[in-house]
Amino acid sequence: MADKLQTYVQLAQDTARQVSSSHRAWTDYLQTAARLYKYPYADQLLIYAQRPEATACAEYNVWNTTMHRYIRRGSKGIALLNTSGETTTLRYVFDISDTGTRRTSRS
């Protein structure tokens, strides 16, 4: 688990350097960040690094219980760093493109 965590920490650092390297890279990042404005900067960086076309991200439980949508089989989550506890862990969010609708789904 520590190797996986270190991989995502390194990915965030590399992405921060990459988006600040040119005007075009910064603009591309800002387009993703504008769609995901409720997430902090570190989460926006990781979402951009893993899935720059993401439009609406939420955790598994939010999609299921609040939005009444299901996560499609085989979908890969977007790993984010969870620094809320004593140790840093990973948490996963899914883009709306990874979900399917039910009769009672919210738009």
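The values are calculated or read from the model by the stated rules, or taken from the named source; none is laboratory data. These numbers come from a predicted model, not from an experiment. Cβ sites come from the backbone with ideal geometry, for glycine too, and all protein chains shown count toward neighbours. When the accessible area is computed, the model is the full protein with side chains, heavy atoms only, and any ligands, DNA or RNA have been set aside. Shrake-Rupley method; radii C 1.70, N 1.55, O 1.52, S 1.80 Å.
Summary of computed values
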{"quantity": "Charge dipole (debye, nearest 20) of the chain; +1 at Cβ of Lys and Arg, -1 at Cβ of Asp and Glu", "calculated": "540"}
{"quantity": "Ellipticity estimate at 222 nm from DSSP helix runs (n ≥ 4, -39,500 (n - 2.57)) divided over the chain, nearest 500", "calculated": "-12500 deg cm²/dmol"}
{"quantity": "Accessible area of Asp14 in the full protein assembly, 1.4 Å probe (Å², nearest 10)", "calculated": "70"}
{"quantity": "With all protein chains modelled, accessible area of Tyr60 [1.4 Å, Å²]", "calculated": "120"}
{"quantity": "Per residue accessible area of the chain, 1.4 Å probe, in Å²", "calculated": "65"}
{"quantity": "The stretch 1-42, accessible surface, carbon-and-sulfur percent (1.4 angstrom probe)", "calculated": "58"}
{"quantity": "Heavy-atom accessible area order for Arg17, Arg51, Arg103, largest first, 1.4 Å probe", "calculated": "Arg103, Arg17, Arg51"}
{"quantity": "Solvent-accessible ranking of Tyr29, Tyr92, largest area first, probe 1.4 Å", "calculated": "Tyr92, Tyr29"}
{"quantity": "Ile96, Ile47, reordered so the largest accessible area comes first (probe 1.4 Å)", "calculated": "Ile96, Ile47"}
{"quantity": "Amide N of the stretch 73-88 lying under 18 Å from the label point, which is placed 7 angstrom from the Cα of Val9 along Cα→Cβ", "calculated": "79-88"}
